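Before any comments, here is the structure.
The values are calculated or read from the model by the stated rules, or taken from the named source; none is laboratory data. Every value quoted in this text rests on a predicted model; they were computed, and no experiment measured them. No Cβ is skipped: glycine too gets one built from the backbone with ideal geometry, and neighbour counts run over all protein chains shown. Keep in mind that these areas ignore ligands, DNA and RNA; they rest on the heavy atoms of the full protein, side chains included. Shrake-Rupley method; radii C 1.70, N 1.55, O 1.52, S 1.80 Å.
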Amino acid sequence: MNLNRKDDCIFCSIAQGISPCAEVYSDDLVMAFLDIAPVQKGHTLVIPKAHYNDIFEVPPELGAALIRAQKAVGSAILEATKAEGLNIYMNNLAAAGQVVFHAHWHLIPRFSHDTLRLWPQHAYSNADEMLELASNIRKRFA
Ligand code: AMP
Ligand code: ZN
């Protein structure tokens, strides 16, 4: 197991049982605990136990364990809160709203009549702008 850890990281401290949390799930590689400032009650964070700053550092080999935990914890949240839906999202880097720089996924229970709204959407100026941007991104894989 990768024991990668960072001394001043609150989520490493939680993963090692040093700092307290309201734990809901733990296995060898992954754990989940309630967010201390929930968007809605039951808002849960799923983290790798090892320290990675963000998605760009998380090794693909951890993907299966993380998805498995997100599905299991998500199902448990739905049952426990009687929620009708679940948002899973992740902030990466400060400009995207990341505050804790230990990779984590937010699991947020949703109800059909809750007042949460996703961010506003916009249009491209025209089809060419959209196709050119897709091409610009795609060529990074060449
Ligand atoms: P992010 O903006 O994606 O980095 O989100 C960090 C999240 O961690 C926020 O929703 C905080 O409320 C949550 N958080 C920070 N410290 C703790 C903690 N000690 N226990 C539980 N959640 C925390
Ligand atoms: Zn950490």
Item to check | Meets criteria (of a type outside the set (Val, Ile, Thr) and without any contact (Cβ under 8 Å) to a residue 60 or more places away in the chain) for Gly74 | outcome: yes
Checklist outcome for this item: Within region 19-48, the residues that are on the phi < 0 side of the Ramachandran plot, away from ligand 1 (no atom under 11 Å from the Cβ) and of a type outside the set (Phe, Trp, Tyr) are Val24, Ser26, Asp27, Asp28, Leu29, Val30, Met31, Gln40, Lys41, Val46, Pro48
Next on the checklist: Just to check your reading of the model, which residue among Val99, Val46, Val58 is of a type outside the set (Ser, Thr, Tyr), exposed (fewer than 10 other Cβ atoms within 10 Å of the Cβ), within 16 Å of ligand 2 (Cβ to nearest atom) and under 26 Å from Arg5 (Cβ atoms)?
Outcome noted: Val99
Item to check | Pairs with Cβ under 7 Å, 6+ apart, first in region 123-134 and surrounded by 10 or more Cβ atoms within 10 Å (Cβ to Cβ) and in a helix (DSSP H, G or I), second modelled with pLDDT of 95 or more and among the aromatic types (Phe, Trp, Tyr) | outcome: Met130/Tyr124
Checklist entry - When you go through His106, His113 one by one, which is the residue that is touching a residue at least 60 places away in the same chain (Cβ under 8 Å) and either open to solvent by less than 60 Å² (accessible area, probe 1.4 Å) or over 18 Å from Ala37 (Cα atoms) (or both)? => result His106
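Could you check how many residues of region 1-13 are within 11 Å of ligand 1 (Cβ to nearest atom) and either open to solvent by less than 50 Å² (accessible area, probe 1.4 Å) or on the phi > 0 side of the Ramachandran plot (or both)? Please lay out each step first, then the result.
To start, the set of residues in region 1-13 that are within 11 Å of ligand 1 (Cβ to nearest atom) comprises 9-11, 13.
Then keep just the ones that are either open to solvent by less than 50 Å² (accessible area, probe 1.4 Å) or on the phi > 0 side of the Ramachandran plot (or both); that gives 9, 11, 13.
Residues that pass the stated criteria total 3.
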Checklist entry - Is there a residue being open to solvent by 50 Å² or more (accessible area, probe 1.4 Å) and in a loop (DSSP other than H, G, I, E, B) anywhere in region 62-79? => result no
Next on the checklist: Can you pull out every residue in region 14-37 that is out of contact with any Cys (no Cβ under 8 Å at 6 or more places or on another chain), open to solvent by less than 60 Å² (accessible area, probe 1.4 Å) and either more than 8 Å from ligand 2 (Cβ to nearest atom) or charged (D, E, K, R) (or both)?
Outcome noted: Ser19, Cys21, Ala22, Ser26, Asp27, Val30, Met31, Ala32, Asp35
